[in-house]
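These notes are about the structure you will find just below.
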Amino acid sequence: MRSADEFADKLVVIQEDTRLASVEAQDIGARLHAITLKAIEQKDVSLSEIRSVLSSVTDGIHLGLAQRGGEMAQALRDAVGGMDSALVKFAQNLQLSVEESIASGKEFREGELKQSLETVRDLEKSLVEAIRKTGSQATGALKAEMSSLSAHLKYAGTDVGGQALSTLTKLSEQAHSVAHSGKMGIKQGGRDIAGRVAQFAGGVLTGVGEALRNTAK
């Protein structure tokens, strides 16, 4: 269990590591991918913690690029691309974890399954909001670039948005198949978990569909 002080200290380190990577701007996409993924790969990470991490990363990008100066549009896109790909990996890892639980019949803690699926659903929104919030506090050319990028990603989408939809769809389909399978060898616990995955993932997907329709209006 992480204490509030420990997590706050961690956020400071994340921001500083990101600032340094952004100042140097060499392999910034790969470095930001590694920083972001390392910060969120704990099994029990919450959506609130992920949002705090993303805010610290985008704040670090802002500070680093502002310090470096010069042309920053491409560096910003590369940095955000690294964050995006880290979130894609996070969603893929969570999908594997749920699939393994279904196969083994390993139970989830109360509320953990639903929270995990909702976290995957909200990854894209959290990324775009972190960029938008940091951009609103920036100045000059960097403010314009971050605001433009967040607006673009909100409507054009991100890689993690596509991965989240894929993850939820696959889990819903696989879980529904297992829950209603008459095959021998499938543990009852696995069927029970699969039934809940199918229920929760289906509900989350319905919410995603409604959000997409509202965006298109």
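The values are calculated or read from the model by the stated rules, or taken from the named source; none is laboratory data. Note that the coordinates shown come from a computational prediction; the quantities given were computed from them, not determined experimentally. All Cβ positions, even for glycine, are placed from backbone atoms using ideal geometry, and neighbour counts span all protein chains on display. Side chains are part of the model used for accessible areas, which takes the heavy atoms of the whole protein and leaves out ligands, DNA and RNA. Shrake-Rupley method; radii C 1.70, N 1.55, O 1.52, S 1.80 Å.
Surface exposure of segment 111-179, expressed per residue as accessible area with a 1.4 Å probe, stands at 47 Å².
Using mean Cβ contacts within 10 Å as the protection proxy, how do 157-165, 39-47 order, highest first?
Details: 157-165: 20.6, 39-47: 14.7.
The densest-packed peptide leads the list: 157-165, 39-47.
Given a cut-off of 32 Å, name the pairs among Lys114/Lys143; Lys143/Lys170; Lys43/Lys154; Lys89/Lys133 whose C-alpha atoms lie farther apart than that in the structure shown. Distance filter (> 32 Å) returns Lys114/Lys143; Lys143/Lys170.
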